[in-house]
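The values are calculated or read from the model by the stated rules, or taken from the named source; none is laboratory data. Every value quoted in this text rests on a predicted model; they were computed, and no experiment measured them. Don't worry about glycine lacking a Cβ; one is built from the backbone with ideal geometry, like all the others, and counts go over all protein chains shown.
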Amino acid sequence: MGVLQAPPSASSDREPVALDSAWPASSALRSLRYRSYRYFWLASLFTFTPWMMQFLVRGWLALQLTGSPLWVGLVAAAFQAPSLVLSFVGGVLADRFRRRNIVLTNEVVQLAGYLLLTGLFMSHSLDRWSLLLLSLASGISFALAMPARQSMVPRLVPVADTMNGIVLTNGVFSTAQDEPIKSGGFRPANNAFADAKHYSDWKFFHRP
């Protein structure tokens with residue numbers, strides 16, 4: 001296993017790129033040859049998946065607590081809205097502070113939110129306002145940390161594999177968005193959509 005050291009002009013928080021020769025250089029997964037990026041990729045998978053699961057859970061809880069579709073939208077908006085405003089602040093933080101620490105802080109905040117939500121639910125103390133505040137706090141933390149997380153990829157792989165690393169990281173995010181929906185209570189709708197698509201394909205190939 002060889003180690004490619006960062007150039008002198010790189011930022012001080014750049015990780016040494018440890019190369020695992022077992023991965024072929026021509027592979028679509030070639031960025032996973034680098035040990036630091038491989039750990040980052042796996043950590044992202046285990047971060048984004050529970051993030052999307054709890055996003056669905058909060059919407060379900062909002063509906064159960066209020067019976068109002070409006071509150072489902074408010075809880076979802078409380079999480080998404082900070083990204084529209086605070087992403088610029090997150091970029092400034094990523095430039096001024098160590099990115100790894102920003103990402104780790106976000107993980108701790110998200111975990112604390114999961115545990116608090118679980119505790120309130122198990123103790124039957126959860127109400128609509130606490131659910132809204134938890135969603136807002138999670139959204140603020142996520143919005144502030146996302147620029148730091150995204151800018152870590154070029155520091156974990158060589159320049160030649162930067163685009164591949166970005167694509168793989170975005171693939172993790174897309175997968176995390178899709179899989180919890182398939183297994184989180186929306187399977188009948190997905191099955192109906194799949195049946196409709198199959199019928200449409202059949203009609204296309206068997207048209208007169």
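Descriptive notes on the structure:
- Matching residues, region 155-176, being part of a helix (DSSP H, G or I) and either in contact (Cβ under 8 Å) with a residue 12 or more places away in the chain or crowded, with 19+ Cβ neighbours inside 10 Å (or both): Arg155, Asp161, Asn164, Gly165, Ile166, Leu168, Thr169, Val172, Phe173, Thr175, Ala176
- Each residue in region 45-72 was checked for being modelled with pLDDT of 85 or more and of a type outside the set (D, E, K, R), and 15 pass.
- Residue check, Val159 over 19 Å from the mean Cα position of the chain (by Cα), within 26 Å of Leu32 (Cβ to Cβ) and not charged (D, E, K, R): yes
- Number of the exception - Thr118 against (1) in contact (Cβ under 8 Å) with a residue 24 or more places away in the chain; (2) under 25 Å from Val172 (Cβ atoms): (1)
- Candidates Leu132, Leu120, Leu136, Leu126 - the one that is over 30 Å from Tyr34 (Cα atoms), of a type outside the set (Gly, Ala, Ser), in a loop (DSSP other than H, G, I, E, B) and modelled with pLDDT of 50 or more: Leu126
- Of the residues examined, Ser141 is one that is at pLDDT 90 or above and either among the basic types (Lys, Arg) or under 20 Å from the mean Cα position of the chain (by Cα) (or both).
- Evaluating Gln64 against the criteria (1) under 17 Å from Thr47 (Cβ atoms); (2) over 19 Å from the mean Cα position of the chain (by Cα); (3) not aliphatic (A, V, I, L, M) leaves one unmet condition, (1).
- Restricting attention to region 140-154 and to residues that are out of contact with any Gly (no Cβ under 7 Å at 6 or more places or on another chain) and not in a loop (DSSP other than H, G, I, E, B), the residue that is nearest to Arg35 (Cα to Cα) turns out to be Pro154.
- Applying the condition of being among the polar types (S, T, N, Q) and surrounded by fewer than 17 Cβ atoms within 10 Å (Cβ to Cβ) to region 109-125 and asking which residue is nearest to the chain's Cα centre (by Cα) yields Thr118.
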